[in-house]
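To start, the structure itself, in structure tokens.
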Amino acid sequence: MSPDDRQYSNEHEWVRIEAGEATIGISDHAQDALGDIVFLQLPEVGQKVSAGESCGEIESVKSVSPMHSPISGTVTAVNQVAVDTPEIVNRDAYGEGWLFKLEAANASEVDGLMTGSEYEAFIEEQA
Amino acid sequence: MSILHSPIAGKHRSMGARMTHFSSWELPVSYSTIIAEHTAVRQSAGLFDISHLGRILVSGNAAADMLSKFVTSTPAALPVGSGRYTLITNDHAGIVDDLFIYRTKAAEFLLVPNASNTGKVLELLQAAARNATEHILVEDKTAGNAVFALQGPRAPEALVAAGGDPSQISSRYGISLQVLGGVEALISRSGYTGEDGFELYLFSGGAELLWDRILGSDEPRVVPCGLGARDTLRLEMGYPLWGQDIDTSTTPLEAGLMFAVDLDSGNFAGVQALRKQKSEGAQRKLSALMLKAGIPRAGCRIFLAGGRGGAGAEGEPVGIVTSGSFSPSLGRGIALGYISLDYASAGTELTVDIRGTRYPAQIVTKPLYKKENK
């Protein structure tokens, strides 16, 4: 089940905002579809990212996928543990497999994203 | 173009396999993860459904002679009950297909072409059979028949557990007919992984039964494996994949496959062109590359160390990657690619351009994964 404490984009990423800080990751569905993740290229701290634009790469054994941010903002932290052991994103996409944190540029951007149940329905449709 | 399904497609579904389309076939990429399946084959035993491969039976007293006009090895020299990796080339010595040929009876040969070339190879052989003076039968035995690959250091034990007898096929590329739990299978000691193993050809049904029987083994445990692991395993061995590393624009000499060619005695299409190329020397060579960081992919350009270009033009690439991936056993990126002959020796330091970033690489001898790595 997709956790309800966060919002989801149609690129299979999630964002969870707590005390003004946004944490971004990929969904469990995404990690499953990608397969074994072997390399992460994350944006840099201080980098400005725009919603929906590519800001990095997630590489699995078989292929490379662009990494997007569901919302715009300035990167405040990246998950070095995930960079060092990318398999953590497969193991715990919603917890320890978070990718980066942002200072959101425009908090209302999350309104355009999906809830957990909306995302579940979205995945169903795609299947 | 309609999608083709394996005779055990229902099994893949019920096992929750992640599916993909490969050469008009719907096949499993993985059942669990590519890395877990790859590791199981290197350490224990894995079972693959490879029912997309072509199976063509050619029989008749003139079959060996007819086949010698197409395959680069010598069918007449194959002992009964054995097989060999071989190639079919065109008049320019370009590789039309790489395949296995088994002599199942004195006057019967089983050819196992790539899925993507089965139609082409069938046409070539059927046309030749039509023009032959003696009767030759060419039968397509692909549809509805399953082939499995059981691979890994514990594959012989797994075959015994399923009711088979590895001692009947004690050496590589031997082939024998066996009955495993009531299911008849032509079993060869062969594979595309670099490990010991078997390929099981079923022509009388029982595919689902045999699949379950082999996977039902507790000791050793046999892990179901998909195309994802099949690709990482073969790449670690430096085995080419037709359509990526070899095709009609590459010759056996360029691809390092002359061991599959009986050049002096051959009378196959392209033999003259190949002899000519051998005397003049090839211009490029299919080489194995190992990287420390970065995962090379097909199409990545290759430069000299430090990003320098090759002789003749400032900054020009000296080669191109044809297959690239992450190697689960080595924990790094590896590739096969064509390199200009001047720079194609083992030990040469090169640079691979991966989506705009240059990564150091080194040419290594094959196989990239060596048994000492265990």
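Worth pointing out:
- Residue match in the stretch A:66-89 (condition: within 14 Å of another protein chain (Cβ to nearest Cβ) and assigned to a strand (DSSP E or B)): yes
- For first residues located in the stretch A:38-56 and under 18 Å from A:Ala82 (Cβ atoms), partners that are of a type in the set (A, V, I, L, M, F, W, C) and surrounded by fewer than 17 Cβ atoms within 10 Å (Cβ to Cβ) and lie 6+ apart or on another chain with Cβ distances below 6 Å form the pairs A:Leu40/A:Val83.
Okay, residues lined up against (1) within 14 Å of chain A (Cβ to nearest Cβ); (2) among the aromatic types (Phe, Trp, Tyr); (3) touching a strand residue (DSSP E or B) at 6+ places or on another chain (Cβ under 6 Å):
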position: B:Ser24; (1), (2), (3): no, no, yes
position: B:Val29; (1), (2), (3): yes, no, yes
position: B:Ser44; (1), (2), (3): no, no, no
position: B:Ile56; (1), (2), (3): no, no, yes
position: B:Ala64; (1), (2), (3): no, no, no
position: B:Ser82; (1), (2), (3): no, no, yes
position: B:His92; (1), (2), (3): no, no, no
position: B:Val96; (1), (2), (3): no, no, yes
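- Any hit, the stretch B:26-39, residues being surrounded by fewer than 19 Cβ atoms within 10 Å (Cβ to Cβ) and in contact with a helix residue (DSSP H, G or I) (Cβ under 8 Å, 6 or more places away or on another chain): yes
- Residue in the stretch B:113-129 that is crowded, with 19+ Cβ neighbours inside 10 Å and either touching a Gly at 6+ places or on another chain (Cβ under 6 Å) or of a type in the set (Phe, Trp, Tyr) (or both) present: yes
- A single entry from B:Ser68, B:Ser44 fulfils the requirement of being touching a Pro at 6+ places or on another chain (Cβ under 6 Å), more than 26 Å from B:Gly216 (Cβ to Cβ), open to solvent by less than 50 Å² (accessible area, probe 1.4 Å) and among the small types (Gly, Ala, Ser): B:Ser68.
- Residues satisfying the stated conditions in the stretch A:15-57, i.e. of a type in the set (S, T, N, Q), within 14 Å of chain B (Cβ to nearest Cβ) and within 22 Å of B:Ser30 (Cα to Cα): A:Gln31
- Only one of the numbered conditions (1) open to solvent by 70 Å² or more (accessible area, probe 1.4 Å); (2) within 20 Å of B:Gly60 (Cα to Cα) is violated by B:Glu184, and that is (2).
- Some residue of the stretch B:305-312 being within 14 Å of chain A (Cβ to nearest Cβ) and either at pLDDT below 95 or within 20 Å of B:Thr250 (Cβ to Cβ) (or both): no
- Among (1) open to solvent by less than 10 Å² (accessible area, probe 1.4 Å); (2) over 27 Å from B:Ala229 (Cβ atoms); (3) in contact with a His (Cβ under 6 Å, 6 or more places away or on another chain) - the single one A:Ser27 does not satisfy: (2)
- Hey, B:Gly164 open to solvent by 30 Å² or more (accessible area, probe 1.4 Å) and either at pLDDT 95 or above or on the phi < 0 side of the Ramachandran plot (or both) or not: no
- Enumeration of residues in the stretch A:82-114 that are open to solvent by 40 Å² or more (accessible area, probe 1.4 Å) and within 20 Å of A:Gly35 (Cβ to Cβ): A:Val83, A:Asp84, A:Thr85, A:Glu87, A:Arg91, A:Asp92, A:Tyr94, A:Glu96, A:Trp98
- Checked against the criterion of being open to solvent by 20 Å² or more (accessible area, probe 1.4 Å), basic (Lys, Arg) and out of contact with any Lys or Arg (no Cβ under 7 Å at 6 or more places or on another chain), the stretch B:153-160 contains one or more residues that satisfy it.
The values are calculated or read from the model by the stated rules, or taken from the named source; none is laboratory data. Remember, it's a predicted structure, so these values are computed and weren't measured experimentally. A quick note on method: Cβ atoms are made from the backbone with ideal geometry, for glycine too, and the neighbour counts reach across all protein chains shown. Ligands, DNA and RNA are stripped out before the accessible areas are found, and what is left, the full protein with its side chains, is counted by its heavy atoms. Shrake-Rupley method; radii C 1.70, N 1.55, O 1.52, S 1.80 Å.
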